[in-house]
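The values are calculated or read from the model by the stated rules, or taken from the named source; none is laboratory data. Model, not experiment: these values are computed from the prediction. So basically every Cβ, Gly included, is an ideal-geometry build from the backbone, and we count neighbours across all protein chains shown. For accessibility, only protein heavy atoms count, side chains too; no ligands or nucleic acids. Shrake-Rupley method; radii C 1.70, N 1.55, O 1.52, S 1.80 Å.
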Amino acid sequence: MIYKLKNILKFKRGFTLIELLIVIVIIGVLATIFMANYLGVRQRANDSRRKADLRQIQAALELYNYDLGIYPASLPGCSGSLTSGSTIYMKNMPCDPKGATYYNNGNYYYTAPGGTNYTLCACLENVNDSQGVSSGAGYNTCSTIAYSPPVISPLSSRLGLFPELANLIQRFGNLGKKEVSGLFTKLAVLIPKFGGRGHTPRQEVAGATFDSPTSATGTSVASLSWSHTTGSGTNRLLLVGISFYNGSTISVSSVTYGVAPLARRGTVVDLLGYRSEIWYLVAPAASGGNIVVTMSASTAYLIAGATSWSGVDQTTPLGAFASAIGTSTTPSVNVTSATGEVVQDNIAASNTVTVVVPQTQQWLTSTILGGPIGGASTKPGAATVQMSWTIAASNSWAIGGVSIKPASTTTPIPTLTPPPPTPTPTPTPTPTPTPTPLPANACAGKFFVLQSQ
């Protein structure tokens, strides 16, 4: 029996070298395919988290700006808190999924020059991401991506409300109890950004950039004065709208900003004496000062407001003044404009009015409850722009409007001078280039970028 078993074992055949090599090659191919897919999935998952993190930070920045009127100069590091006083806007600042060894030491890149706008970046691992942008350099550095104000159209702005709401809802995990209780109050910041009423957005259209509105009222006065600050942007313009009663016998004598006089662009008065005027000043001083409206005589009700702009054509800053009067529930005026411009109106009415979406209300006030009303709104330009308001009951009104023309961005083509003949150079050996390492703050892929709304 033992002898037969030995004979069986002696003649049992094993694996050949060729078979072993085939098995090893198959395992290697499968492992390569698996690792490639695994790494691609992990990169896309990390990038998805980066995008979600930036949208949460953006929501916190907009709430911060809503409360304080400015964006923070810098963001706290990973896991830090974005606060102002006792208010917490983000409890735990998100970190990059790859940690401190990744771009910008694991912190998302943020810059907010002057606190008027911001750029927020995350370095993406997937170089083919369709939402990624490049700075255009040999390597990508987010600090070289220029700020570009968004173009807000009526349709896209309404649709944009839903992702903004989603961003705020995502922040529940980072809000404290006090902040959760006030969340729905702060949702009011979203309404004007998408064509409603409330806190006024800074950006209106590409080209002309809006600073902020101011306004004042007076009763039985012959003049009105209030403080206004013009931004530091280039190609500036100051617009002042004035609404008052007794306009059939009283007019505006002068308007000044500091010591600089404004020019009247247009005026309209209805049959009952409600009057609307628009005045302007090209290249106002980039600082704070008092706007003073002086009347020809004392008026029972006087309402005035101002907006300041940058990026405006300094030779022809405004289009033609358009006006309309009536007694109805639907005040409106058609203003000739163009795409890329922005239209501002000014209304004087005998009773409470409401701006019509998608116009953006800049100011709306009255001297007494239920009394005469003055207000202004803006809307992106088109061939013809209708500026509209509504009144609860039929009342008298006068409305005027103008288009604001952006500064030209055309760069003149220089005259080329033929170069002198170039001598034939002596060939020299070309040294082998030494690879330049990426700077510490560089990204080998593309950036996902969010900017102020």
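Structure above, values below:
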item	result
Tally, over segment 32-55, of residues that are open to solvent by less than 30 Å² (accessible area, probe 1.4 Å) and either charged (D, E, K, R) or within 16 Å of the chain's Cα centre (by Cα) (or both)	5
Number of positions in segment 255-300 that are among the small types (G, A, S) and in a strand (DSSP E or B)	10
Filtered residues of segment 76-129 (kept if among the hydrophobic types (A, V, I, L, M, F, W, C), more than 22 Å from the chain's Cα centre (by Cα) and farther than 22 Å from C443 by Cβ)	I88
Subset tally (residues that are within 14 Å of the chain's Cα centre (by Cα) and open to solvent by 30 Å² or more (accessible area, probe 1.4 Å)) for segment 56-71	3
Unique match (being within 15 Å of K405 (Cβ to Cβ) and among the hydrophobic types (A, V, I, L, M, F, W, C)) among A297, A322, A286, A304	A322
Pair list, Cβ < 8 Å and 6+ apart or interchain, from segment 59-73 residues that are within 13 Å of Q451 (Cα to Cα) to residues that are open to solvent by 70 Å² or more (accessible area, probe 1.4 Å) and outside any helix (DSSP H, G or I)	Y71/T116
Sole exception among (1) modelled with pLDDT under 85; (2) within 30 Å of S212 (Cβ to Cβ); (3) of a type outside the set (D, E, K, R) for Y38, by number	(2)
Segment 290-320, residues that are over 19 Å from T256 (Cβ atoms), buried (at least 18 other Cβ atoms within 10 Å of the Cβ) and not charged (D, E, K, R)	Y301, S310, G311, V312, G319
Segment 373-395 - residue that is at pLDDT below 90 and not small (G, A, S) and, of those, most open to solvent (accessible area, probe 1.4 Å)	N395
Among residues of segment 239-252, those that are modelled with pLDDT of 95 or more and among the small types (G, A, S), counted	1
Residues of segment 277-289 that turn out to be closer than 17 Å to S232 by Cα and either open to solvent by 50 Å² or more (accessible area, probe 1.4 Å) or without any contact (Cβ under 8 Å) to a residue 60 or more places away in the chain (or both), as a count	8
Some residue of segment 238-258 being without any contact (Cβ under 8 Å) to a residue 24 or more places away in the chain, surrounded by fewer than 20 Cβ atoms within 10 Å (Cβ to Cβ), within 22 Å of I404 (Cβ to Cβ) and not polar (S, T, N, Q)	no
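The rows are residues; the columns are (1) open to solvent by 50 Å² or more (accessible area, probe 1.4 Å); (2) among the aliphatic types (A, V, I, L, M); (3) under 15 Å from N46 (Cβ atoms).
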{"site": "A73", "(1), (2), (3)": "yes, yes, no"}
{"site": "T83", "(1), (2), (3)": "yes, no, no"}
{"site": "S86", "(1), (2), (3)": "yes, no, no"}
{"site": "Y89", "(1), (2), (3)": "no, no, no"}
{"site": "K98", "(1), (2), (3)": "yes, no, yes"}
{"site": "Y110", "(1), (2), (3)": "no, no, no"}
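This table checks each residue for (1) under 20 Å from I278 (Cβ atoms); (2) of a type outside the set (G, A, S); (3) touching a Gly at 6+ places or on another chain (Cβ under 8 Å).
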{"site": "P358", "(1), (2), (3)": "no, yes, yes"}
{"site": "T365", "(1), (2), (3)": "yes, yes, yes"}
{"site": "T378", "(1), (2), (3)": "yes, yes, no"}
{"site": "G381", "(1), (2), (3)": "yes, no, yes"}
{"site": "M387", "(1), (2), (3)": "yes, yes, yes"}
{"site": "A392", "(1), (2), (3)": "no, no, no"}
